[in-house]
Every structure is written in C-alpha cells, then in structure tokens.
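Asks: Okay, here's the structure, questions in a sec.
Where a number appears in this text, it was derived from the coordinates with a stated rule and is not lab data. Small disclaimer: the values here were computed from a predicted structure and weren't measured. Neighbour counts are summed over all protein chains in view; Cβ atoms, including those assigned to glycine, are modelled from backbone coordinates with ideal geometry.
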Amino acid sequence: MSLSLIVFLPLLGAFVMLLLPNERKGLIRGLAVFFAAAALAVSLYAYTAHNGGTAEMQLVERHSWIPTFGIHYYLGVDGLSMPLILLTTVLSLISLIASFGIETRVKEYFFWFLMLETGMLGVFVALDLFLFYVFWELTLVPMYFLIGVWGGPKKEYAAVKFFLYTLSGSVFMLLGILALYFAGNPRTFDMLQLAQQSSTFIGPRFIWVFLALYVGFAVKIPAFPFHTWLPLAHVEAPTAVSVILAGVLLKMGTYGILRVSYAILPEATRWFMPILILIAFVNIVYGAYCAMNQRDIKRMVAYSSVNHMGYCLLGMAALTGSNASAGMTGAVLQMVNHGIITGSLFLLVGVLYDQAHTRNIDDFGGLGAKLPVFTAFMTIQAMASLGLPGLAGFISEFLCFLGAFGQKDYLLWVSLSVIGIVVTAAFFLKLIKDVFLGPFNRRWEGLRDMSARELLTTAPLVALTILIGVYPAFLIQMMDATLANLIRHVTGG
Amino acid sequence: MSFAFLLPEIILTAAALTLLLLESFRPVRRGLALGISALALLAGILSVAGVSSASGDPTFHGMISVGPEARFLMVLLMLGVLAVLALSLHFNGFQESDFSWGTFSGLLLLSTAGLLLLTCAADLLLVLIALETVSVTSFILVGFLRKDRRASEAAIKYFLVGAFSTGLLIYGISIVYGLAGTTNLQRLLRPDPAWPALPLAGALFFILVGFGFKLALVPFHMWAPDVYEGAPTPITAFLSIAPKAAGFGVMLHALPNHGALRLTPFLAVLSALTMSVGNLAALRQQNLKRLLAYSSIAQMGYVLMGFVAGGTTGFRSVLIYLAAYLFMNLGAFACVIAVGADAKTETLDGFKGLAGRSLPLALATTVFMLSLTGIPPFVGFIGKFSLFGAVLQSPGLVWLAVAAAVNSVVSFAYYFSLVRAMFFSPPDRSARMEMSPALAGCLGLAALGTVLAGVFPETLLQLVQRAFP
C-alpha cells in the first residue's frame, strides 16, 4: 500500500484543490504542501522499509488491471528506484514551497503541479510497461501547462516545443513497448517477466525496438541531438518548475534506459554501448561549451544540465567495460546529485531574479559583500556542480569517469570527455567572479539577502550536497545490490 | 423469421412516423418531440439487449444477420443519437418559433433506423436500400435550416456527392451480381476462383470508392468539411459519428476477407492517406466545425488501420476505437456547441480564456482533446493502443503503425490549439459561462465516459470481446 499512497497522495491533493474556491490562496498553498509532505513522509517510511542488501523488488503491489490485455497494476521498488523516489518527493515539496510567490491562477498552478508529482513518482515505481507509459505521459500535460501559463516571455513556444519533442519520442516508445509485448512468450507487459525472457530477444528486430524506446528516453534526458527543447523550456519555466524539470523529469529518461532497455534488451544494449559513449561525449563537451557561452545565468545552468546528464550517460556506458560497477553507481548517484545541485542552483537564480528582474551576468558584480548568505549558497552549489571534492558532484562524476575508463576500446572519447570538466569549472568560476566579486554595481543597493522561505527551500539541498559529498555510502548502499544484479544480467558475467 | 431481430428498427420507424404524422396536424412541441424520440431510442437499446441470445445467422431469407458485433454497433449508434438529441435541445439555430421539432426528430429517427439496418444487412441490395434511407434523410437534416444559405449549400453538395457515390456503388453491385448471380454477402464471401479477374477488380473498385465517399476516406473526402461546416452543429455531430460506425459495420460484414481478395495493401495506403491528409488539413482550420471535420476524417484513417490489420484482434480494435470515438467526439461537439451558444461564434476565438470563465468546461474540453490525440489515461488512448497492437502483429504493416504514430504527433498541434486558446489566452469577456442542464449533462457523461473507460477499460474490452468472439 505504501507505494500507492506515495504515488496517489499528490493526485488526491490535486482533486481536493479543484473543490476549493479560487480566492482561498493560503488554503490552497497549505493543502498542496500538506499533500506533498504526506507523500514525502510515506516515502521516508518506504526508505526505512526498503532493504538495500538485495536486488529483489520490494513493497510490491500487484493487481490485475486490464486482464484482456494482460495488464497489471504493478508497483515495486528496488535500489534503482528508491533514491529517485526520495529525490522526487523531496524536490516536489521544496518546489511547492518555492511556488508560494505565484499569485496568478493559484489553484490551477497547484493542481497541475501535484498531478505532475503523481506522474513522476508513478514512472519510478511502475513495473508494468503499460502502467509505466501511462505515468510517463501523465507528466506531459501538467508540465505543458506549468510552462505555458506561468512561464516567461516565450512561454507558449517553449511549452509547445517541449510537448512536441516529448510526444514524438513517446509515441515511438509506445510502439517499442507493444513490440516487446508481442515478442514475449507468454505475452506480457510485466517488466520483470520480460527481463527474464531477455535472452530470447535477439536479432536486428530488437535493435529497432531498442532504438524506438531509446528515442522516447533520449528526448527526456535530453541526449544529443534531442536536447534543443531543454534550454528553452528551462529558461521560460517558472523557478519551481525548472527545479522539477531539471531535478526529476530528466532522470526519467536515464531511469527508463536502465529499467527497460538495459534489463529487457541486453543484447541490443551491448550493441549500443559505443554509440552511447559518443553521445555522452557530445553531451558533456558540447553542453559545457554551450553553457560557457551564455550570459543568462539560467540558460547557463540549463546547458550545464546537458553536460551533467552526459556524465550520467558516460557512467551508464561503462556497462560493458571492466569497471562497470563504478560507472553504474556513478550514473545513478549522478542522477540524484544533479537533481539536488541543479535544483538548488535554479532556486538560487530564482531568488536573484525575483528581486533584480534580470539574470544577465553582466548586470551584476560585487554582490558577495552585499548578500553573504546567498553568495555562500551559490558558491557551494556551483562548486558542487563543477565537481569539487568534498561535495556531492565530485563523487558521482569521479565514479562515472572511473567506470568509463574501463571501456578500453573507447579511451579516446572518454579522455576527450574530460575537457567537459575543465570547461564546466571555467564557466562556473567565471560566473562566481562576475556576479559576486569585483566592483559592486550601485544599481543593486536595494537587494536584500535571502528570506526565511528562500532559506527553507535551499538550505536542505545545500546540506544534502555536503552530506552526500562527505558520506555517499548511505545512498550507494541502497543501490549496490540492484546495480550489481543489473550488470550481471546485461553482460551475462 | 423473427420480427424480434428487427424490433429496434420497427420501434424507431413507428416513432418517426408518429412524429411526422402529428406534425401534419399541428406543430409538435420541443419537449414532446424529443421525449418521444428519446423514449424510442431507449426502447430500441433495450430491445437490442433483449435479443442478446440471438446468433448471427442470417434471417429474412438471408437479408439480415444480427450478430453480436452488429448489436454492439447498434447500441453505440443509438447512444450517439440520444446524445445528439441532448445537443439539439438548446442549440441556438433551432430556437426559432417555427422550427418543426416533429419533422426534425422524425427524420433523425428514420435516419437512425436506416443506420441500424445497415449494420445488420447481409445482402448488398439491403445495404443499398438502408444506405439510401440514411442518405435521403441526412440530406434534409443538413439543409434543415432553410434560411441559412450555408446549410442549403451544404445540403446540395451532400446530395450531389451522395447521389454520385450511390451510383458508383450500384454499378459495382451490378457487376458483382453479373459475376456471382447473387447479392448475398454470405455467398459472396467465398469468391469463386473461376470469376474473371478484371470485372471482379472493377466491382471491388466501384464498391470501395462508393464506400470511400460515404465514409469520407481520402481521396474521397472533399465534400465532408463543407457539409460539416454548413450543417447545424448537432447534425454535424451526428454525421461525424453515426454513418461512420454503420459504415464500418458494413465493411466488417462485406469485406472481412480483404486479404484473400488482395485488397489489404490498397486499404493500408487508403488508411495512411486518410489520416495524414486529414491531420495536415486540420492544422490550418480556424473554424471549429471544419477542424473537427478534418479531425474525424483523420480518426477514420486510424480506424481503417484496425480493419486493415484484420482478424479478431483487428476487428475488435475497430469496435473499441469506434466506441472511444463516440464518447470523445460527441464530447468535443458538446463543447463547441456550449461555447458557440455563449460566444456566438464557431471559430477558435470563442474558446479564448475559457479556463478563467469556466474551469470545469475548459478541463472537460482538454480531456476530449487529449483523448482524441491519444494520450493516456483517456479512452482514446485505449483505442489507439489496441489499433497499434493489431497492426504491429502483422510484420508487413509496421510502416502503417509508424505513420499513425507520427500522425498522432501532428494531430496534437491542432487539438491543442483549443487548449492553448482556453488556458493561455486572456478571456475577452468576464461573464461566467451559462450552460443548459441538458448540454451540461451530456458533456459530463461524455467526459465521465472518456475518463472512466480510459482508466478502467476492462468493461469496454469485455463487451467488445463478446461482440467479436
């Protein structure tokens, strides 16, 4: 029951919200936070109930849903999904609190936001491909509205582009899912059963199935060349929505590859590894250079997401190498870390933008003395993002590279990817220099430091960044057994 | 020979004639006319359910066969017409004092009776007669608002195309009779290999083109947008649903063996063309009735896909999609009528800022549009899912599934032009939306059906399974 509660508490909240009158903004906000907090509480309970020592699916719920098609309502968690569920419930609660500044059409905003949370959580716990697809699509519509109604100047264009890209990907994913269903013997949408039959999914036909699924996942990650919706959507979306977009939605893509493609199509996965390394390289280096070239802080952080998801892909591509374990652990840890770090960076940019109404790096300068707390937070998170040891980002990026260097045949591309780290360091350091150091721009005399609510939203994320940087074991222990099992399953070793 | 099989047709015809007769003495009031019609339809639905033990064996000298799939479509049709009655109740164009409700509902019932007969016809001659019953009544219904020049134009167009396509159909049927010496479908289903190929191909060609016109498949669709735009909106809703369901009913009876006749590739191309042209043309429409006209063309392209796939799974998916289409398309028309009544326009502008004026209506419209696009968890997705599934089972048709997938993405653009207008544009008026209870009820039921059958589709799937064992 606990997983169903986690998934559907936010949806329940969304429908309760519809019954409230528009004018009761305080009540609406409070209820939204209440339901998200309840989901977080249950997810913490699930965390304590989850045993990281085994790769088994846990807290399983399985009921027949559409027997005619053999579809089940089938939920479960393992070491791969548990960290992402926690990430989702934490970031959702924080983003909802960060959304208190929304003053227009408050009821609709929180309605869509809570529905989005249900969709994301559902993706991470669904073990039936049909159910997985339903939740996958459930994230689409709320996000479309959240960007399109409450976004920046080019919000409608951004929303449509986001929707078109994702829908194009997901219709092919649907065809891939159906192809898997018909390939199964007996036919089933059950991911675990399909994974057990994976040794029979061999041949060129399944390469096509893999590619169809991959397109759906790659758009979300976003992996080059499907990434062009991301900078636009991130920049136009309101702060809290950018947090969710970067923090959770992108992870659905990498999660999907690990959960569906890796587990069910190992042969095609092995075939795809060299291509994945190349894509990771392009994401890392191209994303970093694009970020370097931005003058808008939010755009810079957005492109840094392309770069960071590249690390994640690189870690995943370590699968067939000699350091598979390090790479895969790094990849999953990177998903969590990127969610925390980039999420907080978007929140911090939002803090600045709310007051200054500009995000152009050139407009600022010398804010360090004026806003000490803000500067400290921003610096810590930028450092974490560029991979400073002692902070979360370092651990996962290091593991990703460690794993990737186990791919002896592709050392050139892995080595070249290191350029990305240097460039990332360069643009984040330059950002800190241009915004916080140097002569103070008198124009910002009236800026205040962070408010209590802003502290409440960012401080936990900063604390987590430091905690994971110092003691990543609590996360790694959670996923170790599952990932080892997955590696064994795919490589057959 | 049991009249029980014809009970629904008899009930509807009797009610229709009663209404027409009453009207010739003095005008029948709206409530009475619609009440009698609704009762007749309900009785019709019950009587279909009453003969549920009947098999699909031909009766009346092989003229009709009321199989379970025909009964499924008959119930679907009558439910659709019930909804059309609810849509008509407060439709603006019908509110003039001299509007003859008796004639209107009488003709609608007669047309429905024709459609019911069409779904259970087992002989090409009866197909033709039923088709003409539907056509003649539909011509009048389209042009029912005589003072509206567009409606008259639409009626003339509809009449010309209808007459032309009937001619083609008769021509095809006459060749068939010349070849086989019979018009009975049961016997025609086993074609004699001795029949000369050319005349057979000709006959199939004429019959298919004739049906292509009736079902508005591309490239025989040109008439549809004009007729849909000109007709009174409830009649447009009727035309976009009922004849299509019945048409596919006939196809299921007449051409289940399209593979043996080597028609499958031809039908597959027809399907791909229909969905692509329908969707691309819909992109440019500002008038919502034209938009929905092209949308319904595209939707029939999807349904045809299931027919092309054939076999039990394929034909089941046709029925599933038609049921889904009934709910979501009627819902969409209900929204257009509700907004049209308020904004006095049939263009996209009427939907501007609707979210601010009536969030429930805006959400309901969004549900229908999402469902038509094929996004879960709505019934349209279940329909598309089963269509895709049916097509993917035959390796030679994967390209058709890919074409349909791409088409779904294209269709998003125009279905969401409504959503954009409702949620992203500021309202041009601040007054709250007013909606008649009948319309609201119809809309609510359609929305409920779209959501419930999407989240819990098992009941629908079971019904279809029983309709096509």
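Asks: For n ≥ 4 DSSP H runs only, could you compute -39500 (n - 2.57) per run for the protein assembly as shown, divide by its residues and tell me the 222 nm figure to the nearest 500? Each step should come with its number before you reach the end.
Replies: Numbers: 40 runs with 700 residues, N = 962.
Taking each H run of at least 4 residues, the total per residue is -24500 deg cm²/dmol.
Asks: For region A:423-493, state which trypsin sites (Lys or Arg not before Pro) are in a DSSP loop and have at most 12 other beta carbons lying within 10 Å of their beta carbon. Each step should come with its number before you reach the end.
Replies: Values: sites: A:430, A:433, A:442, A:443, A:448, A:453, A:488; in loops: A:448.
Answer by residue number: A:448.
Asks: Neighbour counts of other C-beta atoms within 10 Å: give me A:351, B:136 arranged from fewest to most. Show your work: numbers first, answer last.
Replies: Details: A:351 25, B:136 16.
Neighbour counts put them in this order, fewest first: B:136, A:351.
Asks: Once amide H atoms are built 1.01 Å from N in the peptide plane, which residues 5 or more positions from residue A:65, or in another chain, come under 5 Å H to H?
Replies: A:71, A:72, A:73
Asks: For region A:266-493, what is the relative contact order in percent, using Cα pairs closer than 8 Å and at least 6 residues apart in sequence? Walk me through the numbers before you get to the answer.
Replies: On the way: 377 pairs, mean separation 67.8, N = 228.
Dividing the mean separation by the residue count of region A:266-493 yields 30 percent.
Asks: Say a site is exposed when it is one of the trypsin sites (Lys or Arg not before Pro), sits in a DSSP loop, and has at most 13 other Cβ atoms within 10 Å; what is then the longest site-free stretch of chain B? Working shown, then result.
Replies: Working: sites that count: B:29, B:146, B:147, B:262, B:284, B:344, B:429, B:432.
My reading of the result: B:30-145 is the longest stretch.
Asks: Let me ask you something else. Would you mind computing, in nm to one decimal, how far apart the modelled labels at residue A:278 and residue B:436 are, each placed 7 Å from Cα along Cα→Cβ?
Replies: 6.4 nm
Asks: Run the simple label-point estimate for residue B:429 and residue B:49 please: 7 Å along Cα→C-beta, distance reported in nm.
Replies: Distance between label points: 4.0 nm.
Asks: Treating cross-link reach as a plain straight distance, find the lysines whose alpha-carbon is under 26 Å from the alpha-carbon of residue A:251, omitting any fewer than eight places away in the same chain.
Replies: Partners within reach: A:154, A:155, A:161, A:220, A:298.
Asks: Of chain A, which part is the longest with no GluC sites (Glu not before Pro) in a loop (DSSP not H, G, I, E, B) and with at most 16 other C-beta atoms within 10 angstrom? All intermediate terms of the calculation are to be shown ahead of the outcome.
Replies: Working: sites that count: A:23, A:56, A:103, A:445.
With a cap of 16 other Cβ atoms within 10 Å, the longest stretch comes to A:104-444.
Asks: Hey, fewest Cβ within 10 Å first, where do A:82, A:328 land in order? Display every interim value, and only then the final one.
Replies: Working: A:82 24, A:328 29.
Ascending Cβ contact count within 10 Å gives the list A:82, A:328.
Asks: At residue B:269 and residue B:10, where each label point lies 7 Å from the Cα along Cα→Cβ, what is the point-to-point distance in nanometres?
Replies: 4.8 nm
Asks: Determine the relative contact order of chain A: mean sequence separation of Cα pairs under 8 Å and six or more apart, normalised by residue count, in whole percent.
Replies: Numbers: 916 pairs, mean separation 79.1, N = 493.
This gives 16 percent for chain A.
Asks: Starting with the fewest neighbours, write out B:253, B:90, B:61 ranked by other beta-carbon atoms found within 10 Å of each beta-carbon. Before the final figure, lay out the partial values.
Replies: Numbers: B:253 23, B:90 19, B:61 10.
Lowest to highest Cβ neighbour count: B:61, B:90, B:253.
Asks: So which DSSP H runs in chain A come out at 27 Å plus along the axis (Cα) with average Kyte-Doolittle of at least 1.0? Intermediate values should be presented prior to the final figure.
Replies: Details: long enough: A:25-49 (36 Å, 1.39); A:106-125 (29 Å, 1.22); A:155-183 (41 Å, 1.30); A:266-292 (38 Å, 1.25); A:297-316 (29 Å, 0.52); A:324-356 (46 Å, 1.06); A:411-436 (38 Å, 1.95).
Result, helices passing both filters: A:25-49, A:106-125, A:155-183, A:266-292, A:324-356, A:411-436.
Asks: Something else about it: Whats the longest run of chain B with zero GluC sites (Glu not before Pro) that are DSSP loop and have at most 14 other Cβ atoms within 10 Å? List each step's numbers first, then the result.
Replies: Details: sites that count: B:96, B:434.
Longest run free of exposed loop sites: B:97-433.
Asks: Follow-up question, since we're still on this one. Can you compute 3J(HN,Hα) from phi for each residue in region B:114-128, using the Karplus curve 6.51 cos²θ - 1.76 cosθ + 1.60 with θ = phi - 60°, rounded to whole Hz and x for Gly and Pro?
Replies: x, 5, 4, 4, 4, 5, 10, 5, 10, 9, 4, 5, 5, 3, 4
Asks: Please enumerate, by chain and number, the lysines with C-alpha under 18 Å from the C-alpha of residue B:289, excluding those fewer than 8 residues away in the same chain.
Replies: Within reach: B:157, B:244, B:344, B:352.
Asks: For region A:83-164, what is the relative contact order in percent, using Cα pairs closer than 8 Å and at least 6 residues apart in sequence?
Replies: Relative CO of region A:83-164 lands at 25 percent.
Asks: Spelling out what I want: for every residue of region B:317-326, take phi, set θ = phi - 60°, compute 6.51 cos²θ - 1.76 cosθ + 1.60 (Karplus), and round to whole Hz; glycine and proline get x.
Replies: Values, residue by residue: 5, 4, 5, 4, 5, 4, 5, 4, 4, 4 Hz.
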